[in-house]
1. Distance in nm between label sites at Glu81 and Glu203, each 7 Å beyond Cα in the beta-carbon direction?
2. For Ser171, which sequence-distant residues (separation of 5 or more, or a different chain) have an amide H within less than 5 Å of its own amide H, given hydrogens modelled in the peptide plane?
3. When the chain is fully extended, how far beyond the present Cα-Cα distance does Thr100 get from Val246, taking 0.36 nm per residue of separation?
4. Label point 7 Å out from Gln195 along Cα-to-Cβ: which residues of the stretch 124-146 have amide N under 12 Å?
5. Can you check how the C-alpha radius of gyration of the stretch 98-256 compares to 2.2 N^0.38 Å, as a plain ratio?
6. Give me P(r) over the stretch 109-151, computed from all C-alpha to C-alpha distances, binned every 10 Å, as integer percentages.
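FYI, it's all coordinate maths here, none of it is from the lab. If you're wondering where the values come from, they're calculated on a predicted model, not measured in any experiment. Heads up, the Cβs are rebuilt from the backbone with ideal geometry, glycines too, and the neighbour counts pull from every protein chain shown.
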Amino acid sequence: MQISSGVSFAPSISATNLAAAAPANSLATPKAGTPVSPPNSANQPVAPSTQLDRAQSSAASANPDIKSDNKADQTSDKSVESEQLEQDVELIRVLQSRDTEVRNHERAHQAVGGELASAPTYSFTRGPDGQRYAVSGEVKIDVAEVPGDPAATYEKMARVRRAALAPAEPSTQDRQVAAMAAQKMTEAQAELAQQQRDELQAEADLRSQKRDDMKTEIEAAREASELAKTSESESDEDDNMAFVSVAERFAEYNARLRQINETLLRISSPPMTPPGALLDEEA
């Protein structure tokens, strides 16, 4: 699995000394100590090794202490061989237990990590029986943050933390990974809270702006209504003033017309004789 960035989980128990516990040598080969029987015929040629064995046999017959020493050597060799076998069996048992522990440890990481985790990789050692046993392992896991999405980062780091603590006995490195994931969870949670506060503040500002706009519109409508009323009142006053002005002009026109009529009457009518004037002229 390709992982952009990540860390490795390690098992909780170190296996550095397991290989050192293996025996330096393979099973010991016991020495040959059984005398060889001499040939049936004294005239038959005897090989040098046979002559040596016959000499040892003759010496053993002559000296019982030598025969006792050979039996002691055989007993000692068998004791060493038995002890070595017991050590090998115990080491194989330890390696088998370690192999199971390591594999279960890494599988627990991988199972919980899912697509965030890589497949386990192991380091092996060879036991006295020739088999390979896992003594350490690791699982890489993606711990990169999700850019611009604190909620997704929080969920991802929560899964990383669960994967780090999935084994029955998390190692020191496992706990460090879990602590790092917990720290990133805290940071993501703080960022998410800040983001939510910013969104709430933006909504509050928007509502306030809408209230201000509505208030401005109401005031503008009120001013327009008052202005319309004022204009209507002024128009009525102008109409009244115009009516008064026309009436005054009409009255003035009528007065002048009467003066003209009076003047015309005076001009067209002869002057009247004052009383007694005619009698005076006749006399």
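1. So the two model labels end up 8.6 nm from each other.
2. Ser12
3. Details: separation 146, 0.36 × 146 = 52.56 nm, distance 12.07 nm.
Extra length from Thr100 to Val246 when fully extended: 40.5 nm.
4. In the stretch 124-146, the label zone of Gln195 (backbone N under 12 Å from the point 7 Å along Cα→Cβ) covers 146.
5. Details: Rg = 41.6 Å, N = 159, 2.2 N^0.38 = 15.1 Å.
Dividing the Cα radius of gyration by 2.2 N^0.38 Å gives 2.76.
6. Cα pair-distance distribution for the stretch 109-151, in percent: 25, 31, 24, 13, 6, 2.
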